[in-house]
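Colleague: Could you have a look at this structure, given as structure tokens, before my questions?
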Amino acid sequence: MPLSGIRVADFTWVWAGPFCTLQLAHLGAEVIRVESAARPCVTRLLPPWAEGQPGLNRSGYFNQYNQGKYSIALDLKHPDALMVAKDLVRHCDIVCENFAAGVMERLGLGYEALRAIRPDIIMISMSGYGATGPEREYVSYGPAQVPLSGLSSLTGYRGYPPMHVGISYGDPTAGLHAAFAVLAALWHRQQTGEGQFIDLSQWETTIAVIPEAIIEYAWHGTQPERNGNRDPMMVPHGVFRCAGEQRWVAIAARDDVEWQRLAVTIGRPDLAEDPALATLAGRLSAVELIERAVEQWTSQRSPLEVTQALQAAGVAAFPCYDSRDLAEDEHLRAEGFFVELEHPEVGKKLHLGIPWKLCGSPCFVKRPAPLLGEHTDYVLREILNYDDRRIEGLRASGVLR
């Protein structure tokens, strides 16, 4: 695997940080999560639960985003834990953390302290607002990044207030940016032998999702108007109700030719022949009339019927999938995107797997998410070379919990 032989000390928690280290685990790195029952990861405390029974090892949220990782139970608030953490870093190539700026320094695990232990260490800090600036110490969660980034100002319907999007974009966006930055730093180290510190701002990675809006202001001094699912270059463009309970289909006519095909397919040749609708400008001015005509047709049919009819006519359309549709999709299953992992506590469960294939260095999910502290003894014995007496002493003093 691409990162075979690379070891990661993973001090991250919640979503953004673990999503970064998940990518590294998928690429073959040995990722060791440092966590504690004294302060368990938030995602260990969130549903969905296996069989509806809560437990630190039963969260589908945690188990999805921590596939392939190891777990060592280490209470970083205990004064003797610092020594163990530094010993771990000495045997690692990468250190990842996503606390607020300054937290790792206060723990004695800042970059300068770790570089003294291992000069070529690569450390990434994924704080909410970066390591400098007046807001550096603010605590941040992904849902706050959506309005802070300006994304909420673009989300919603014409004439209505801003709306929060349905996902905490700040977390996975930061995680993917961070994984890429780590790979770049690894490449740099391979060329030069030098490690480095990566200062990532989750806020800034979220802003990077909406460059068009910022460019519009920078160039024209205007704020893009909220406009639902409509598009300035395509009419119709949106999600339309179908027959059945909460069943919908997405449709986009990309040009004049596709508009003609769509109008004929929905049984409205009069619209196809209307010269006022023959151009994009004309259709933009009559968008509500067009959307009503399209939904009158789609509402009498299933999403699959609509999709098949429009695709056959050369018009882009596809059902709006729910979770069940995705889990049962034949293409995704044939691709091997889903994996079934045998977890020691919750049994065999379906997981989202790796969304890429590398022909020269195949990637695969090596193991399910770890139980909390499942690999404590393995890490201490096999990696840090601690003997039984030392391990039992640490356990007795409350360091390993």
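Colleague: Give just the number: which of (1) of a type outside the set (D, E, K, R); (2) outside the structural domain of residue 144 (by TED's automatic domain parsing); (3) under 16 Å from residue 371 (Cα atoms) does residue 1 not satisfy?
Modeller: Residue 1 satisfies every listed condition except (3).
Colleague: Just to be sure before I move on: is residue 190 among the polar types (S, T, N, Q) and closer than 30 Å to residue 253 by Cβ in the structure I sent? Outline the logic, then answer.
Modeller: Values: among the polar types (S, T, N, Q): yes; closer than 30 Å to residue 253 by Cβ: no.
So residue 190 fails the test.
Colleague: Shifting gears a bit: Can you tell me which residue within segment 345-372, out of those that are out of contact with any Leu (no Cβ under 7 Å at 6 or more places or on another chain) and closer than 16 Å to residue 41 by Cβ, is surrounded by the fewest Cβ atoms within 10 Å (Cβ to Cβ)?
Modeller: Across segment 345-372, the extreme among qualifying residues is 371.
Colleague: I would also like to ask the following. Any idea which of (1) modelled with pLDDT under 95; (2) farther than 30 Å from residue 71 by Cα; (3) surrounded by fewer than 12 Cβ atoms within 10 Å (Cβ to Cβ); (4) of a type outside the set (S, T, N, Q) is the one residue 329 doesn't satisfy?
Modeller: Status for residue 329: all satisfied but (3).
Colleague: So for segment 242-251 (the condition being farther than 28 Å from residue 325 by Cβ and assigned to a loop (DSSP other than H, G, I, E, B)), does at least one residue qualify? Reasoning before the result, please.
Modeller: Applying the first criterion (farther than 28 Å from residue 325 by Cβ) to segment 242-251 yields none.
Among the residues of segment 242-251, not one is farther than 28 Å from residue 325 by Cβ and assigned to a loop (DSSP other than H, G, I, E, B), which makes the answer no.
Colleague: Another question, if that's okay. How many residues, within segment 294-321, are farther than 15 Å from residue 258 by Cβ, outside any loop (DSSP other than H, G, I, E, B) and among the small types (Gly, Ala, Ser)?
Modeller: 0
To keep it simple, each residue is scored yes or no on (1) modelled with pLDDT of 95 or more; (2) within 27 Å of residue 152 (Cα to Cα); (3) in the same structural domain as residue 125 (by TED's automatic domain parsing); (4) out of contact with any Phe, Trp or Tyr (no Cβ under 9 Å at 6 or more places or on another chain).
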residue: 244; (1), (2), (3), (4): no, no, no, yes
residue: 247; (1), (2), (3), (4): yes, yes, no, yes
residue: 262; (1), (2), (3), (4): yes, no, no, yes
residue: 270; (1), (2), (3), (4): yes, no, no, yes
residue: 273; (1), (2), (3), (4): yes, no, no, yes
residue: 276; (1), (2), (3), (4): yes, no, no, yes
residue: 280; (1), (2), (3), (4): yes, no, no, no
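Colleague: Also: Is it true that some residue in segment 371-383 is without any contact (Cβ under 8 Å) to a residue 24 or more places away in the chain, touching a His at 6+ places or on another chain (Cβ under 8 Å) and either outside any loop (DSSP other than H, G, I, E, B) or not assigned by TED's automatic domain parsing to the domain that holds residue 21 (or both)?
Modeller: Start the filter on segment 371-383 by keeping residues that are without any contact (Cβ under 8 Å) to a residue 24 or more places away in the chain, which leaves 377, 381-382.
Then keep just the ones that are touching a His at 6+ places or on another chain (Cβ under 8 Å); that gives none.
The answer is no; no qualifying residue exists.
Colleague: Also: Go through 352, 326 for me and flag whichever is without any contact (Cβ under 8 Å) to a residue 24 or more places away in the chain, under 32 Å from the mean Cα position of the chain (by Cα) and farther than 25 Å from residue 233 by Cα.
Modeller: Numbers: 352 fails: without any contact (Cβ under 8 Å) to a residue 24 or more places away in the chain.
Answer to the selection: 326.
Colleague: Then there is this: Counting only residues that are in contact (Cβ under 8 Å) with a residue 24 or more places away in the chain and small (Gly, Ala, Ser), which one in segment 180-204 is surrounded by the fewest Cβ atoms within 10 Å (Cβ to Cβ)?
Modeller: My answer is 193.
Colleague: Can you tell me which residues in segment 208-234 are assigned to a strand (DSSP E or B) and touching a helix residue (DSSP H, G or I) at 6+ places or on another chain (Cβ under 9 Å)?
Modeller: Going through segment 208-234, the residues assigned to a strand (DSSP E or B) turn out to be 231, 234.
Of everything in segment 208-234, just one residue is assigned to a strand (DSSP E or B) and touching a helix residue (DSSP H, G or I) at 6+ places or on another chain (Cβ under 9 Å), namely 234.
Colleague: Quick check on segment 273-326: of everything there that is basic (Lys, Arg) and buried (at least 16 other Cβ atoms within 10 Å of the Cβ), which residue is farthest from residue 244 (Cα to Cα)? Lay out the reasoning, then the answer.
Modeller: From segment 273-326, those basic (Lys, Arg) are 283, 292, 301, 324; that's our starting set.
Okay, now just the ones that are also buried (at least 16 other Cβ atoms within 10 Å of the Cβ), so 283, 301.
Details: 283: 29, 301: 8 Å.
Within segment 273-326, the match that is farthest from residue 244 (Cα to Cα) is 283.
Colleague: Which ones in segment 252-295 are free of Cβ contacts under 8 Å to residues at least 24 places away in the same chain and among the polar types (S, T, N, Q)?
Modeller: Within segment 252-295, 260, 279, 285 qualify.
The values are calculated or read from the model by the stated rules, or taken from the named source; none is laboratory data. Keep in mind that what you see is a predicted model, and the values were worked out from it rather than measured. Glycine also receives a Cβ, built like all others from the backbone with ideal geometry; neighbour counts cover every protein chain displayed.
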